[in-house]
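The values are calculated or read from the model by the stated rules, or taken from the named source; none is laboratory data. Source: prediction; values computed, not measured. In this analysis, Cβ positions are derived from the backbone assuming ideal geometry, glycine residues included, and neighbour counts consider all displayed protein chains. Heavy atoms of the whole protein, side chains included, go into the accessibility calculation; ligands, DNA and RNA do not. Shrake-Rupley method; radii C 1.70, N 1.55, O 1.52, S 1.80 Å.
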Amino acid sequence: MGQSASTVAGAQNRIKFRSSPVISSMKEIDDSDDVIDVFDVGEFDYSSNIPDECLACIFHFLSSGDRKSSSLVCRRWLRVEGQSRHRLSLNAQSELVAVVPVIFSRFDSVTKLALKCDRRSASIGDEALVLISLRCRNLTRLKLRSCRELTDTGMESFAKNCKGLKKLSCGSCAFGAKGMNAVLNNCSALEELSVKRLRGITDGAAAEPIGPGVAGGSLRVICLKELYNGQCFGPLIIGSKSLRTLKLFRCSGDWDKILEVIAEQVSKLVEIHLERLQVSDTGLAAISKCSILEILHLVKTPECTNNGLKTVAENCKLLRKLHIDGWKTNRISDDGLIAVAKHCPNLQELVLIGVNPTCASLEKLATNCLNLERLALCGSETVGDPELSCIAAKCIALRKLCIKSCPVSDQGMEALASGCPNLVKVKVKKCRLVTSGSADWLRTTRGSVAVNLDTPEPENPDASASDGGVPEVGNEIRQVAGQVRGVSIASSSTGRSNSFKARLGLTTGRNLVACTFRRWSSFGGSSSSRNN
């Protein structure tokens with residue numbers, strides 16, 4: 001009533017969408033009642049001029065949610081979106097086996113697949129994995145999480161069907177050495193292998209050796225986490241002649257002898273991570289034979305001392321990144337850091353947690369390591385205002401600085417105003433003597449510097465476990481639980497009691513590691529990616 005002719009015509013040319021529920025991955029794609037057939041715009045579908053390849057490229061720029069919404073527009077978009085989707089993550093409960101054919105009829109180009117199951121649910125078994133492998137013969141990446149019903153037989157069938165696999169990550173799965181060897185014997189293109197809590201491997205000396213198989217010639221990254229029997233992967237590591245990155249986290253047993261053999265047989269290692277591992281200066285001496293080593297992480301390895309660090313520094317002169325969590329044992333101090341400063345001029349990133357450097361070593365590092373751009377000092381009792389002033393005066397190339405749980409004050413913060421000409425970001429956390437006023441003053445004085453100040457909350461005396469304890473009861477409980485889990489796996493060659501380790505872990509706090517190890521991208525910016 002009262003509408004003009006143009007208004008009525010415009011209403012007729014609008015796109016008309018029928019309401020439809022979200023299409024489930026478990027629903028037959030042929031059920032077209034809920035899918036819009038065409039764009040009803042002047043009786044012409046303008047998107048028909050866009051080739052399928054271009055439409056697929058557009059979908060690649062969309063988020064996962066937007067892709068799902070786009071697939072509801074019409075049959076063609078549904079088809080193109082499914083055929084162009086290369087990544088897929090599925091809830092790997094046992095019921096998945098019934099809909100595998102439907103899912104992979106639509107998503108027939110998947111190359112990267114994640115199968116994750118809730119720990120309290122029954123996971124998929126061999127039948128589902130074999131069906132998936134038959135539908136996804138071009139699969140290059142597979143992630144398995146808590147798939148406890150998979151056996152060696154299923155993994156062997158999968159490996160024979162997906163020989164182009166390049167990356168395998170499995171955690172909390174129940175298959176054993178035979179299944180892992182089947183993958184290594186069939187997947188000649190495998191480049192990355194990550195294993196966490198693989199429960200099917202026999203404990204003790206009876207464990208079947210793993211690797212290297214045909215994958216030994218292509219593997220570049222091996223990561224082992226929380227394995228009671230991780231040393232059965234020794235043949236794989238030793239036989240991987242192209243290996244460049246080795247990460248060992250909380251794996252039981254004495255690793256010194258294996259590291260000695262690895263250093264003799266593997267000559268291309270450039271990155272090594274050791275965390276909560278029974279390794280001593282003997283192991284570090286072996287690592288020092290990796291002359292092209294660029295990245296080294298030593299996290300909570302209490303048997304490593306200044307002597308071992310000196311040996312590494314003297315022989316690994318290309319070192320660019322060094323992370324040390326000394327666990328407040330004071331076995332790594334100025335002597336080891338001075339050796340690093342003397343022999344590693346290419347150092348760009350240094351993270352010290354639970355280590356007590358002084359001006360003596362910090363000045364040497366600043367003077368000799370002219371490319372030092374990122375520095376983090378956490379939980380150090382000796383890093384105060386003089387040390388911060390030394391950093392400000394000497395570290396010319398420094399761009400990112402993180403200070404956490406150190407006895408610095410406003411005076412040290414003021415020194416940063418006139419030093420470190422290339423500084424772009426400062427993080428100060430849990431330093432009780434630093435006030436918000438000094439942070440505001442630094443922001444005003446150095447407008448180009450981003451200052452992030454996290455002032456600690458008032459400490460509750462009843463919640464403190466020690467003089468350096470964690471101020472919150474909840475945090476204390478979580479940290480103690482985390483320490484107990486870690487200590488129960490790794491053992492110490494000097495017979496330190498678990499309670500002693502737990503006490504050391506409590507005073508240090510697991511969050512100290514998270515402070516500096518959480519994505520240097522947020523802390524390292526573009527300079528980090530450039531140096532890689």
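Of the numbered conditions (1) surrounded by 20 or more Cβ atoms within 10 Å (Cβ to Cβ); (2) touching an Asp or Glu at 6+ places or on another chain (Cβ under 7 Å); (3) at pLDDT 95 or above; (4) farther than 22 Å from residue 118 by Cα, residue 154 fails exactly one; give the number of that condition.
(4)
Within region 61-79, restricting attention to residues that are assigned to a loop (DSSP other than H, G, I, E, B) and either aliphatic (A, V, I, L, M) or in contact with a Gly (Cβ under 6 Å, 6 or more places away or on another chain) (or both), which residue is surrounded by the fewest Cβ atoms within 10 Å (Cβ to Cβ)? It would help to see each step written out before you state the result.
Residues of region 61-79 assigned to a loop (DSSP other than H, G, I, E, B): 61-63, 71-74.
Adding the requirement that they be either aliphatic (A, V, I, L, M) or in contact with a Gly (Cβ under 6 Å, 6 or more places away or on another chain) (or both) leaves 62, 72-73.
Values: 62: 13, 72: 17, 73: 18.
Once the filter is applied, the top-ranked residue is 62.
Condition check: out of contact with any strand residue (DSSP E or B) (no Cβ under 7 Å at 6 or more places or on another chain) and farther than 28 Å from residue 347 by Cα. Does residue 232 satisfy that? Reasoning before the result, please.
Numbers: out of contact with any strand residue (DSSP E or B) (no Cβ under 7 Å at 6 or more places or on another chain): yes; farther than 28 Å from residue 347 by Cα: yes.
Against the criterion (out of contact with any strand residue (DSSP E or B) (no Cβ under 7 Å at 6 or more places or on another chain) and farther than 28 Å from residue 347 by Cα), residue 232 qualifies.
Right, residue 159: surrounded by fewer than 17 Cβ atoms within 10 Å (Cβ to Cβ) and modelled with pLDDT of 95 or more or not? Give the steps one after another, and end with the answer.
Working: surrounded by fewer than 17 Cβ atoms within 10 Å (Cβ to Cβ): no; modelled with pLDDT of 95 or more: yes.
Considered against the rule, which asks whether it is surrounded by fewer than 17 Cβ atoms within 10 Å (Cβ to Cβ) and modelled with pLDDT of 95 or more, residue 159 comes out as no.
What about residue 244, is it in contact with a Gly (Cβ under 6 Å, 6 or more places away or on another chain), open to solvent by 20 Å² or more (accessible area, probe 1.4 Å) and basic (Lys, Arg)?
Working: in contact with a Gly (Cβ under 6 Å, 6 or more places away or on another chain): no; open to solvent by 20 Å² or more (accessible area, probe 1.4 Å): yes; basic (Lys, Arg): yes.
For residue 244, the condition - in contact with a Gly (Cβ under 6 Å, 6 or more places away or on another chain), open to solvent by 20 Å² or more (accessible area, probe 1.4 Å) and basic (Lys, Arg) - is not met.
Matching residues to (1) assigned to a loop (DSSP other than H, G, I, E, B); (2) in contact with a helix residue (DSSP H, G or I) (Cβ under 8 Å, 6 or more places away or on another chain); (3) among the basic types (Lys, Arg):
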position	(1), (2), (3)
211	yes, yes, no
216	no, yes, no
235	no, no, no
243	yes, yes, no
246	no, yes, no
260	no, yes, no
272	no, yes, no
292	yes, no, no
296	no, yes, no
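Regarding region 420-441, can at least one residue be identified that is open to solvent by less than 20 Å² (accessible area, probe 1.4 Å) and part of a helix (DSSP H, G or I)?
Yes: one or more hits.
Conditions first: (1) open to solvent by 10 Å² or more (accessible area, probe 1.4 Å); (2) more than 25 Å from residue 375 (Cα to Cα); (3) assigned to a loop (DSSP other than H, G, I, E, B). Residue 331 passes all but one, so which condition is the exception?
The one condition residue 331 does not meet is (2).
Filter region 162-209 for residues that are out of contact with any helix residue (DSSP H, G or I) (no Cβ under 6 Å at 6 or more places or on another chain) and of a type in the set (Val, Ile, Thr); which is modelled with the highest pLDDT?
By that ranking, first place goes to 195.
So residue 58 passes all but one of these: (1) in contact with a Cys (Cβ under 9 Å, 6 or more places away or on another chain); (2) open to solvent by 60 Å² or more (accessible area, probe 1.4 Å); (3) among the aliphatic types (A, V, I, L, M). Which condition number does it fail?
Among (1) in contact with a Cys (Cβ under 9 Å, 6 or more places away or on another chain); (2) open to solvent by 60 Å² or more (accessible area, probe 1.4 Å); (3) among the aliphatic types (A, V, I, L, M), residue 58 violates only (1).
Taking interchain pairs and intrachain pairs at least six residues apart, which have beta carbon atoms under 8 angstrom, with the first residue in region 386-403 and under 16 Å from residue 364 (Cβ atoms) and without any contact (Cβ under 8 Å) to a residue 60 or more places away in the chain and the second crowded, with 21+ Cβ neighbours inside 10 Å and of a type in the set (Asp, Glu)?
397/373; 398/373
With the checklist (1) within 27 Å of the chain's Cα centre (by Cα); (2) outside any loop (DSSP other than H, G, I, E, B); (3) not polar (S, T, N, Q) in hand, flag the one item residue 150 doesn't pass.
So residue 150 meets the others, but not (2).
Test of understanding: among 157, 252, 169, which residue is of a type in the set (S, T, N, Q), touching a Leu at 6+ places or on another chain (Cβ under 8 Å) and part of a helix (DSSP H, G or I)? Please lay out each step first, then the result.
Details: 252 fails: part of a helix (DSSP H, G or I); 169 fails: part of a helix (DSSP H, G or I).
Going through 157, 252, 169 in turn, the sole match is 157.
Being among the β-branched types (Val, Ile, Thr) and under 26 Å from the mean Cα position of the chain (by Cα) narrows it down to one of 292, 338, so name that one. Walk me through it before giving the result.
Numbers: 338 fails: under 26 Å from the mean Cα position of the chain (by Cα).
None of the others qualify; the one that does is 292.
What about residue 100, is it closer than 29 Å to residue 163 by Cβ, modelled with pLDDT of 90 or more and part of a loop (DSSP other than H, G, I, E, B)?
On the way: closer than 29 Å to residue 163 by Cβ: yes; modelled with pLDDT of 90 or more: yes; part of a loop (DSSP other than H, G, I, E, B): no.
No: the conditions fail for residue 100.
In region 314-328, which residues are acidic (Asp, Glu) and open to solvent by 40 Å² or more (accessible area, probe 1.4 Å)? Explain how you work it out, then say what you get.
Initially, region 314-328 is screened for residues acidic (Asp, Glu), giving 314, 325.
Answer for region 314-328, where residues must be acidic (Asp, Glu) and open to solvent by 40 Å² or more (accessible area, probe 1.4 Å): just 314.
Check residue 109 against each of (1) small (Gly, Ala, Ser); (2) open to solvent by less than 40 Å² (accessible area, probe 1.4 Å); (3) within 21 Å of residue 143 (Cα to Cα); (4) at pLDDT below 85 and name the one condition it does not meet.
Among (1) small (Gly, Ala, Ser); (2) open to solvent by less than 40 Å² (accessible area, probe 1.4 Å); (3) within 21 Å of residue 143 (Cα to Cα); (4) at pLDDT below 85, the lone unmet condition for residue 109 is (4).
If you take the residues of region 305-335 that are within 22 Å of the chain's Cα centre (by Cα) and free of Cβ contacts under 8 Å to residues at least 60 places away in the same chain, which of them is nearest to residue 291 (Cα to Cα)?
If we filter region 305-335 for residues that are within 22 Å of the chain's Cα centre (by Cα), which is where we start, we get 319-327.
With the extra rule that they be free of Cβ contacts under 8 Å to residues at least 60 places away in the same chain, the set shrinks to 319, 321-322, 324, 326.
Numbers: 319: 9, 321: 14, 322: 15, 324: 19, 326: 24 Å.
Looking at the filtered set, the residue picked out is 319.
Looking at residue 264 and the list (1) of a type in the set (Asp, Glu); (2) within 26 Å of residue 198 (Cα to Cα); (3) at pLDDT below 95, which single condition is not satisfied?
Result: residue 264 passes all but (2).
Within region 227-285, how many residues are in contact with a Cys (Cβ under 9 Å, 6 or more places away or on another chain), within 20 Å of residue 317 (Cα to Cα) and not acidic (Asp, Glu)?
Residues meeting the conditions: 14.
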